[in-house]
There are 2 protein chains.
Amino acid sequence: MNPLPEALRASIGLRVDQIDTPALVIDLDAMERNITRMADFARKHQVLWRPHAKAHKCAELALWLQRAGATGACVQKTAEAETLAAGGVHDITITNEVIAPPKLLRLARLAARLQAQGGRLTLAVDSADGIHRLAEAMAQAAPQARIGVLVEIDVGQGRCGVPPGEPALALAHTVARQARLHFAGLHAYQGRAQHLHSAAERRDAIAAVVQAARHTRDLIAASGLAVPLVTGSGTGTLVHEAASGVFGELQAGSFLFMDADYARNEREPAQPTFEHALFIKTQVISRQGDRAVCDAGHKSHAIDAGMPQVALLPPERALRYSSGGDEHGILTAAGRKALLPAIGRMLWLIPGHCDPTVNLHDYMIGVRGGLEHGMVERIFRVDARGALT
Amino acid sequence: MNPLPEALRASIGLRVDQIDTPALVIDLDAMERNITRMADFARKHQVLWRPHAKAHKCAELALWLQRAGATGACVQKTAEAETLAAGGVHDITITNEVIAPPKLLRLARLAARLQAQGGRLTLAVDSADGIHRLAEAMAQAAPQARIGVLVEIDVGQGRCGVPPGEPALALAHTVARQARLHFAGLHAYQGRAQHLHSAAERRDAIAAVVQAARHTRDLIAASGLAVPLVTGSGTGTLVHEAASGVFGELQAGSFLFMDADYARNEREPAQPTFEHALFIKTQVISRQGDRAVCDAGHKSHAIDAGMPQVALLPPERALRYSSGGDEHGILTAAGRKALLPAIGRMLWLIPGHCDPTVNLHDYMIGVRGGLEHGMVERIFRVDARGALT
């Protein structure tokens, strides 16, 4: 890995008000509390947790989570897996289909490397074509190695995954017939359920997920093929998968940073309290009429889950953020106009959706001691930023 | 600048069907036709053109545009200006306010460097505070240099910029009183007008822009202060600013790549025909029921101006792209279901909005000879990707 740029290295030890804007900042105290709560939750429910690294894209954070008890990391992309592996993460699950032969050859080589290091690589499939392509790449590039294969079932997301039941049973046996493929279980993730606002709707959606996963698992087991694991879940619904007795592993990743969208969910009493730990520091660059304009637009934060919220302001100074395009945010007073911030004033934004926000930045600045008076303790490289292939 | 990664260097000369996905691809033939048409248009209307580099973020492309006749480059950010300057671009306008003292010191040093190279740096302002901060930074870091200053007027965008008329007059004189600041004219950009669908609405919006800019220019000139330039415009409205007799420079940048959003505008007969020249190459990784799923989601392309369009398909095979989240796109048949693409099939997407799409990628792959049968000719680094400060 390349060394940190000089300006960033020099920022370690600076007061938080000296961080130039816009910048992606981690509140390390809040993040550590989130990790502790997640570790406690998983221990209490006796489930494994393998946080999704698509959220942080950072090998250092993946290793931090492993030290706190996580089994390894989930990723979505071949290039993410390679990047985390290069950063020392040795147990990686790709919760996604990989089809392109050049990528499958890369994965075969990665599987062999991880296996040699005592680790493992696991990949999701949802087609016989995908399984045969993978088997061919393994035979070609890593004939001595094995790769774990999860059959992905569509449990209501309507994206990848075969229907639960017979189609998954057929694929599981197709996997088991391949010499270098190990049937590792079922991947059953319901992404849409994560963001259902009402706690009752999320509970009902996951009840259907659990039923489909249990049925499929039992069908495969009854056919004589062991199902080592059912994996899935996310920050919005982990309470239900953890209590299901069917899911052995939680893939939730957003608990680490908690974005505005997840925080808008009606709270589940059994859910650990996760705090916002990722912020955009921004600054007012223009002040006209009834608006202030800040220097963070949607090249600084993703807007697929809505606009960011302005954090850390007392109610009488509350501000509303609306889009000013790629490079600007428009801030208007939620209450009285007289309280608009002046030019140069620093503000903190909570991103609507953390994962694609992190993917816009090369570094995350870790602050200790709070956003008001803290200091820069460490810089995290977003190792897998832009790792699309 | 770092050398290209080995895998990318090796891709030069490959056939277009060998490019792995997802990838950001430039159709070089289409891009060159767009550049020629823009150069011809500017020549015919006797206006300068300074294409906005926030669209491509690439020094090589900025220099390419200069060779075709562009005056220099526009940028939005201090870090973009530094990056382009390091890549050999010597005439740079920041069409945005810069307020933070550390950035203003960087700009002062950059102004001195560019001036020493026979170039120049120009910055927009919209407050007396901003002007005094800039003057102080110049005095501190570049006392021998001068920097151009454009007074930004708000011509209907409702973002940065003082109101036209007296407030702009006052700021122009505040600039002119500073020893190291040169009053370079007016920056008058109406971003909202670019995307008004109807040609008549765009014409009316720019008529108001031109009136406000003319009034302000004449007021400043009548006060005895020369107004060297009125600059602004974009790809959606350049016909009107070019014909106004008021605007001396066009900042349009999107004509280079033409995104789906601009292409949806009702066409102005006088507007040059700009073609789509930037595409996401993607591939089907899952095929379930009435949907195919491809490997490009909103970590591959920005969605602030809507979902991408699927290009290059005959009408009977037309596909509709809908969001599958950060890493997936859901493709459904616009017509008959039987024509859904198979696993592994390559497809081409036209991004809704090119600027933030480019900002997601580290490289753009330049293809010669068309997207169906062409070859990789060169790789463009997105030098200023993530250049947020």
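Miscellaneous remarks
- Residue within the range B:3-26 that is away from chain A (no Cβ under 14 Å) and under 22 Å from B:Leu238 (Cβ atoms) present: yes
- Residues located in the range B:197-243, provided they are outside any helix (DSSP H, G or I), polar (S, T, N, Q) and crowded, with 21+ Cβ neighbours inside 10 Å: B:Thr231, B:Ser233, B:Thr235, B:Thr237
- Search result, residues across the range A:1-54 that are more than 22 Å from A:Ala270 (Cα to Cα) and either touching a Pro at 6+ places or on another chain (Cβ under 8 Å) or basic (Lys, Arg) (or both): A:Arg9, A:Arg15, A:Asp20, A:Lys54
- In the set A:Ala55, A:Ala68, only one residue is in contact with a helix residue (DSSP H, G or I) (Cβ under 7 Å, 6 or more places away or on another chain) and surrounded by 23 or more Cβ atoms within 10 Å (Cβ to Cβ); that residue is A:Ala55.
- Single match in A:Gly148, A:Gly161 (criterion: under 25 Å from the mean Cα position of the chain (by Cα), more than 11 Å from chain B (Cβ to nearest Cβ) and touching a residue at least 24 places away in the same chain (Cβ under 8 Å)): A:Gly148
- Residue check, B:Arg180 farther than 29 Å from B:Asp355 by Cα and at pLDDT 95 or above: yes
- Of A:Arg120, A:Arg113, A:Arg133, all but one fail to be away from every other protein chain (no Cβ under 14 Å), surrounded by fewer than 24 Cβ atoms within 10 Å (Cβ to Cβ), closer than 28 Å to A:Gln190 by Cβ and of a type in the set (D, E, K, R); the exception is A:Arg120.
- Scanning the range B:72-86 for residues being in a loop (DSSP other than H, G, I, E, B) and surrounded by fewer than 19 Cβ atoms within 10 Å (Cβ to Cβ) gives a total of 0.
- The lone exception for A:Arg50 - which of (1) crowded, with 23+ Cβ neighbours inside 10 Å; (2) within 14 Å of another protein chain (Cβ to nearest Cβ); (3) of a type in the set (D, E, K, R) it fails: (2)
- Identification of strands (runs of 3 or more DSSP E) wholly contained in the range A:256-367 with 2 or more residues that are facing another protein chain (nearest Cβ under 10 Å), surrounded by fewer than 17 Cβ atoms within 10 Å (Cβ to Cβ) and of a type in the set (Lys, Arg) yields no element.
- Given (1) farther than 16 Å from B:His195 by Cα; (2) touching a helix residue (DSSP H, G or I) at 6+ places or on another chain (Cβ under 6 Å); (3) modelled with pLDDT of 95 or more, index of the condition B:Pro272 fails: (3)
The values are calculated or read from the model by the stated rules, or taken from the named source; none is laboratory data. Only a predicted model underlies this, so the values are computations on that prediction, with no experimental measurement involved. Don't worry about glycine lacking a Cβ; one is built from the backbone with ideal geometry, like all the others, and counts go over all protein chains shown.
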